[in-house]
């Protein structure tokens, strides 16, 4: 099985909530019914995450308004679903990825199919620094940063997607896509984001630890961080 992540842009002037409703109502249901599509997850930058606006980072504006994850038998069969996607977007990017899930969101905050997942989801598109070889980059990110991120933040879901192939000439080149679930209060509270219980010294310690760890393996000139609402349309059945 393979995982694809699509970055999606709405038409010019289309409100975010209208885009969300169109994708949820008209795109996701037929996608979920397709043979060979085993999982569908949608994240959309809608009005529900407006309080998290200060957490956005846009190195490559305009950033996408949504991210669609599909788990499929064969990514080479994209002609079965990409025409459906194209009907509802003005532009798309596509990435074949390998996913790791250090924190499983449904274990803490389960949701019914199509129901908005608790809190917000940070969707991060990022590149590795040019000076790092791929194996060095993966070793830092997977080998040590993962624990720092979990220990310093209030995340209850954490998915790491290493990009295997960038698909399509118009797709922006990124090395990884991260999906992190945070509780609602983390949208506009640093104390809630870093799970400090209001301790100012602890906040500074955790912010510093996180920033220093990120600086080891992220190119901050090429990173987009987009708070989104998440919907699991069709959950992937795992053994």
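The values are calculated or read from the model by the stated rules, or taken from the named source; none is laboratory data. For clarity, every value in this text was computed on a predicted model and none was experimentally measured. Here the Cβ is made from the backbone with ideal geometry for all residues, glycine too, and neighbour counts use every protein chain on show.
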Residue 79 vs (1) free of Cβ contacts under 8 Å to residues at least 12 places away in the same chain; (2) more than 17 Å from the chain's Cα centre (by Cα); (3) assigned to a loop (DSSP other than H, G, I, E, B): all pass except (3)
Has segment 209-223 got at least one residue that is in a strand (DSSP E or B), over 25 Å from residue 106 (Cα atoms) and touching a strand residue (DSSP E or B) at 6+ places or on another chain (Cβ under 9 Å)? yes
Output for segment 92-114, where each listed residue is surrounded by 16 or more Cβ atoms within 10 Å (Cβ to Cβ) and either more than 21 Å from residue 236 (Cβ to Cβ) or modelled with pLDDT under 95 (or both): 92, 93, 103, 105, 114
Would you please name the residue that is surrounded by the most Cβ atoms within 10 Å (Cβ to Cβ), looking only at residues in segment 26-45 that are in contact (Cβ under 8 Å) with a residue 60 or more places away in the chain and more than 21 Å from residue 110 (Cα to Cα)? 27
Kindly indicate whether any position in segment 164-179 is free of Cβ contacts under 8 Å to residues at least 60 places away in the same chain and farther than 24 Å from residue 221 by Cβ. no
Does residue 196 satisfy being crowded, with 18+ Cβ neighbours inside 10 Å, over 18 Å from the mean Cα position of the chain (by Cα) and without any contact (Cβ under 8 Å) to a residue 60 or more places away in the chain? yes
Can you confirm whether segment 173-181 contains a residue that is modelled with pLDDT of 95 or more, within 19 Å of residue 224 (Cβ to Cβ) and exposed (fewer than 15 other Cβ atoms within 10 Å of the Cβ)? yes
Could you pull out the residue among 117, 72, 89 that is surrounded by 18 or more Cβ atoms within 10 Å (Cβ to Cβ), touching a helix residue (DSSP H, G or I) at 6+ places or on another chain (Cβ under 9 Å) and under 21 Å from residue 14 (Cβ atoms)? 89
When you check residue 60 against the structure, is it in a loop (DSSP other than H, G, I, E, B) and either crowded, with 18+ Cβ neighbours inside 10 Å or in contact with a helix residue (DSSP H, G or I) (Cβ under 8 Å, 6 or more places away or on another chain) (or both), yes or no? no
Just give me the residues in segment 130-145 being under 20 Å from residue 173 (Cα atoms), in contact (Cβ under 8 Å) with a residue 40 or more places away in the chain and within 20 Å of the chain's Cα centre (by Cα), in sequence order. 137, 141
Quick one: which of 154, 144, 139 is touching a helix residue (DSSP H, G or I) at 6+ places or on another chain (Cβ under 8 Å), farther than 15 Å from residue 94 by Cα and assigned to a helix (DSSP H, G or I)? 144
Is it true that residue 206 is part of a helix (DSSP H, G or I) and touching a residue at least 12 places away in the same chain (Cβ under 8 Å)? yes
Can we say residue 67 is over 18 Å from the mean Cα position of the chain (by Cα) and either modelled with pLDDT of 95 or more or assigned to a loop (DSSP other than H, G, I, E, B) (or both)? no
Looking for something touching a helix residue (DSSP H, G or I) at 6+ places or on another chain (Cβ under 8 Å), assigned to a loop (DSSP other than H, G, I, E, B) and either farther than 20 Å from residue 168 by Cβ or modelled with pLDDT of 95 or more (or both) - is there at least one such residue anywhere in segment 20-33? no
